[in-house]
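So the structure is just underneath, and the comments pick up after that.
The values are calculated or read from the model by the stated rules, or taken from the named source; none is laboratory data. Remember, it's a predicted structure, so these values are computed and weren't measured experimentally. Glycine gets a Cβ as well: all are built from the backbone with ideal geometry, and neighbour counts include every protein chain shown. Remember, those area values only see protein heavy atoms, side chains included, never the ligands or the DNA or RNA. Shrake-Rupley method; radii C 1.70, N 1.55, O 1.52, S 1.80 Å.
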Amino acid sequence: MKKITFILLALISGTAFAQQNEAKGTAEVIAKIAQPLTITSSGNLDFATIAQPDAAADVKLSYDNARTIPTGMVVPANTTTSVPTFTVKKETGLTYKVVTGSTDLKIEGGDDKITIKDITTSLDATNGVTAETFTVGATLGLIADQSPGNYKGEVSVTVSYE
């Protein structure tokens, strides 16, 4: 009986003083898939009719549809300018960045071109854009005695989540 009591006592004390060598914790895994960004545009960046310059000149059409021409440049009457509006669909609460680009305007049926530069948007200059719609403006760099004709090019806007 003494042996049984001793063995029982040894087993009880051994388990009472045993160290725990591992512990386990858990965390919930969560993911949300954002809706894809989409962008659509309506309207054109239309500088309207511009008189042929005698010297190199810049003509600016701001995103709020205000045209600025150099002093002394004549603009024919009854011309109407316009700026495009871009609409972005995005996940609520997320921000995106905007990158603009362009291709030079080329004259129809020829090789002459006009450079597009200084593209601007009506968006705040802050990081992380949350606006749903915005407009775009730019500047045309005309050369002296720019060839008369109809010129066409393209301005592009790319949006991506930040």
Considering the Cα positions of the chain, please state its Rg to one decimal place and its Dmax as a whole number of Å. 33.9, 122
Which value in deg cm²/dmol, rounded to the nearest 500, describes the helix-derived mean residue ellipticity at 222 nm for the chain, given -39,500 (n - 2.57) per DSSP H run of n ≥ 4 and division by the residue count? -3000 deg cm²/dmol
Residue 22 and residue 145 label points (each 7 Å along its Cα→Cβ direction) are spaced in nm at 8.7
Between beta-carbons, use under 13 Å as the cut-off and find the net charge around residue 60, counting Lys and Arg +1, Asp and Glu -1. -1
Past 23 Å, Cα to Cα: identify those pairs from 89/113; 32/90; 117/152; 89/117, in the order given. 89/113; 89/117
For the chain, find the longest principal axis of its Cα atoms and tell me its angle to the long axis of helix 2-16, 0 to 90°, nearest 10. 20
On the protein heavy atoms, probe 1.4 angstrom, tell me the percent of accessible surface of the chain carried by carbon and sulfur. 53
For residue 49 and residue 117, calculate 0.36 nm times their separation in residues minus their Cα-Cα distance, and state this gained length in nm to one decimal. 22.6 nm
Which values, in whole Å and largest first, are the semi-axes of the equivalent ellipsoid of segment 14-77 obtained as the square root of 5 times each eigenvalue of the Cα gyration tensor? 74, 16, 8
Tell me the per residue accessible area of segment 26-162 using a 1.4 Å probe; a whole number in Å² is fine. 63
Is any residue of segment 25-67 close enough, with backbone N under 16 Å, to a label point placed 7 angstrom from the Cα of residue 161 along the Cα-Cβ axis, and if so, which? 30-39
Could you give P(r) for segment 111-161, binned at 10 Å from zero, as whole percent values over all Cα-Cα pairs? 18, 43, 23, 14, 2
Spin-label point model (7 Å from Cα, Cβ direction): what's the residue 42 to residue 92 distance in nm? 2.3
Rounded to the nearest 0.05, what FRET efficiency is calculated for residue 58 and residue 133 with R0 set to 41 Å and r the Cβ-Cβ distance? 0.90
